[in-house]
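Read the structure below first, then the notes.
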Amino acid sequence: MKTTRLISTIAFAFTLLLSFNAEAQKFSDLDKSPMDAASYPSSYKESDKLIKIVYSRPQLKDRKVYDLAKPGKVWRLGANEAAELHVYADMKLNGKDVKKGTYTIYAIPGEKEWTIIVNTDLNVWGSYFYNEENDVARITVPTTEGEDSLEAFSIAFEESDSGVDMHLGWGTVRVAVPFSKS
């Protein structure tokens, strides 16, 4: 009887061990264009944010900016999903109201200027389904050239006299997008 009980216990433990291995979670590798976020204020100690963007950061990897962000074509502003803009207070972009809420943000790159687009579509992969009818605001801003080359597409915010500027940088291309407080 003791032997049967011991064998049953061992068999049960072995079965449990196998079932845990069969149900183990499989995790994917690190994304080649990892997600990141930028916000204003940028300090993690400040929870009262004015604006935040969640985007993926493609790398140049010996390629040119305009080979990846095609001039004259709508671009998702990063990689993978289109960048998601969170506005926590009513703002303006190029005189147009951008109400408190969540938006998708796109760009139409150009060598001398970029058009930045705030759009109401959400959960969009890339810019394949971009719908101009859902645009909230657009602004065309000049490009400048930075001294340092950025390998990864980057976004940062900075306070301005009228609100906050969203700075885009990749390679030596720099773009400043002025959001003003309503």
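The values are calculated or read from the model by the stated rules, or taken from the named source; none is laboratory data. For clarity, every value in this text was computed on a predicted model and none was experimentally measured. Methodologically, a virtual Cβ is constructed for each residue, glycine included, from the backbone with ideal geometry; neighbour enumeration extends over all protein chains shown.
When the residues of the range 33-83 are filtered to those that are of a type outside the set (Gly, Ala, Ser) and on the phi > 0 side of the Ramachandran plot, which remaining residue is farthest from the chain's Cα centre (by Cα)?
Narrowing the range 33-83 to residues of a type outside the set (Gly, Ala, Ser): 34-36, 40-41, 44-46, 48-55, 57-68, 70-71, 73-77, 80-81.
Subset that is on the phi > 0 side of the Ramachandran plot: 61-62, 77, 80.
Working: LYS61: 19, ASP62: 22, LEU77: 7, ASN80: 9 Å.
Checking each candidate, the answer is ASP62.
Evaluation of THR120 against the conditions (1) within 23 Å of GLY169 (Cα to Cα); (2) β-branched (Val, Ile, Thr); (3) touching a Ser or Thr at 6+ places or on another chain (Cβ under 9 Å) shows that the sole unmet condition is (1).
Would you call VAL124 over 14 Å from the mean Cα position of the chain (by Cα) and among the aliphatic types (A, V, I, L, M)?
On the way: over 14 Å from the mean Cα position of the chain (by Cα): no; among the aliphatic types (A, V, I, L, M): yes.
So VAL124 does not fit the description; no.
Looking across the range 67-114, the residues that are crowded, with 17+ Cβ neighbours inside 10 Å, part of a strand (DSSP E or B) and among the β-branched types (Val, Ile, Thr) come down to VAL87, VAL98, THR104, ILE105, ILE108.
Among the candidates ILE10, ILE51, single out the residue that is at pLDDT 90 or above and either among the aliphatic types (A, V, I, L, M) or in contact with a helix residue (DSSP H, G or I) (Cβ under 7 Å, 6 or more places away or on another chain) (or both).
Working: ILE10 fails: at pLDDT 90 or above.
ILE51 is the lone residue from the list that is at pLDDT 90 or above and either among the aliphatic types (A, V, I, L, M) or in contact with a helix residue (DSSP H, G or I) (Cβ under 7 Å, 6 or more places away or on another chain) (or both).
Considering (1) surrounded by 13 or more Cβ atoms within 10 Å (Cβ to Cβ); (2) at pLDDT 95 or above, the lone condition that PRO142 does not fulfil carries the number (1).
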